[in-house]
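**Q** Supplied in structure tokens, the structure appears directly below.
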Amino acid sequence: MSFLLIFLLPAVLGVVFLLLSVGVTVLIETPVIVRRGVTGNKKYIRAVNTLTNVIFNMVLTGILVIGGFPLTPAAVTVIAVAWYALAELIAIPVFEAYAYKKISSLEWKKILISTYIANFLSCAVGILLDGLIFVIFFWGRL
Amino acid sequence: MENYMLLDMGLGGLVMVAGGLAVIAFLLTGICLLAKSIGVIRRELKNEEAGADPGNDSDHDGKSV
């Protein structure tokens with residue numbers, strides 16, 4: 001029984017973490033994109049946000065696991081902040097704006113502003129949640 | 001003293017195995033979600049192109065030139 005738990009539980013946690021991350025992102029960004037008039041196609045919005053969020057998380061995991069960096073709290077913080085800044089300030093909003101432009105009749109500038117607003121909101125919530133996890137796991141070891 | 005393998009691995013080994021499994025499950029889930037979302041994006045773009053009428057002239061008011 002403990003054998004199963006040791007092997008099953010981590011796998012389940014890995015899956016749950018990613019699904020939660022994608023779910024929270026879609027929950028926050030969809031209403032912003034719809035209300036700002038970019039597009040009303042919720043399936044498309046969900047798919048675009050799932051794509052960017054999964055790539056974001058997979059790259060971050062890849063950097064931390066394969067990158068060979070020491071997994072100290074300080075190193076993890078620096079890597080996470082650098083990746084967040086690069087992804088959330090440049091890559092994700094621009095890519096999402098490009099994706100929405102293919103389906104929207106709104107002008108490029110308005111779409112870009114909308115994706116920045118949506119991403120800043122989801123990024124803020126993501127940072128709060130990550131910070132909470134960080135505190136729970138690393139409290140007392142800093 | 002039943003699980004000799006677990007005892008032999010030690011706590012560090014257990015953490016490595018657990019962490020590795022979590023990462024593998026995470027990455028496999030990510031690949032499935034990626035494939036699904038790319039499929040949805042392509043389908044919705046095709047629907048959008050099919051829905052748009054290439055011959056539709058927005059300035060056309062029914063009068064012949």
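Every read-out reported here was derived from the displayed coordinates using simple, explicitly stated rules and does not represent laboratory data. Note that the structure is predicted; figures quoted are calculated from it, not measured. Every residue, glycine as well, gets a Cβ built from its backbone with ideal geometry; the counts of neighbours run over all protein chains shown.
**Q** Report the net charge of residues surrounding A:Trp108, where surrounding means a beta-carbon distance below 13 angstrom and charges are Lys +1, Arg +1, Asp -1, Glu -1.
**A** Around A:Trp108, the charge tally is +2.
**Q** In whole Hz, with x marking every Gly and Pro, tabulate ³J(HN,Hα) for region B:27-42 from phi via Karplus 6.51 cos²θ - 1.76 cosθ + 1.60, θ = phi - 60°.
**A** 5, 5, 4, x, 5, 4, 5, 4, 4, 5, 5, 5, x, 5, 4, 5
**Q** Can you work out the Karplus-derived ³J(HN,Hα) for every residue in region A:103-113? Use 6.51 cos²θ - 1.76 cosθ + 1.60 with θ = phi - 60°, whole Hz, and x for glycine or proline.
**A** Along region A:103-113, the couplings run 10, 10, 9, 6, 6, 3, 4, 5, 5, 4, 4 Hz.
**Q** Tell me the net charge near A:Ala97. Cut-off is 15 Å between Cβ atoms, A:Ala97 excluded, with +1 for each Lys or Arg and -1 for each Asp or Glu.
**A** Net of charged neighbours comes to +1.
**Q** Now for a different question. Taking one equal scatterer on every alpha-carbon of region A:6-142, how large is log10 of I(q)/I(0) by Debye at q = 0.14, 0.16, 0.20 1/Å?
**A** Normalising to I(0) and taking log10 leaves -0.69, -0.86, -1.20.
**Q** Can you list the HN-Hα couplings for region A:43-60, worked out from phi with the Karplus curve (6.51, -1.76, 1.60; θ = phi - 60°), rounded to whole Hz and with x for Gly and Pro?
**A** 4, 5, 4, 4, 5, 5, 5, 5, 4, 5, 5, 5, 4, 4, 5, 5, 5, 4
**Q** Counting Lys and Arg as +1 and Asp and Glu as -1, each charge on the Cβ, what is the dipole of the protein assembly as shown about the Cα centre in debye, to the nearest 20? Can you show the working numbers first?
**A** Numbers: 15 positive and 14 negative charges, 48 e Å.
Taking the Cα centre of the protein assembly as shown as origin, the dipole is about 240 debye.
**Q** Among A:Phe56, A:Phe120, A:Phe17, which one shows the biggest mean-square fluctuation in a GNM of chain A, springs joining Cα atoms closer than 10 Å?
**A** Per the Cα network of chain A with a 10 Å cutoff, A:Phe17 tops the list.
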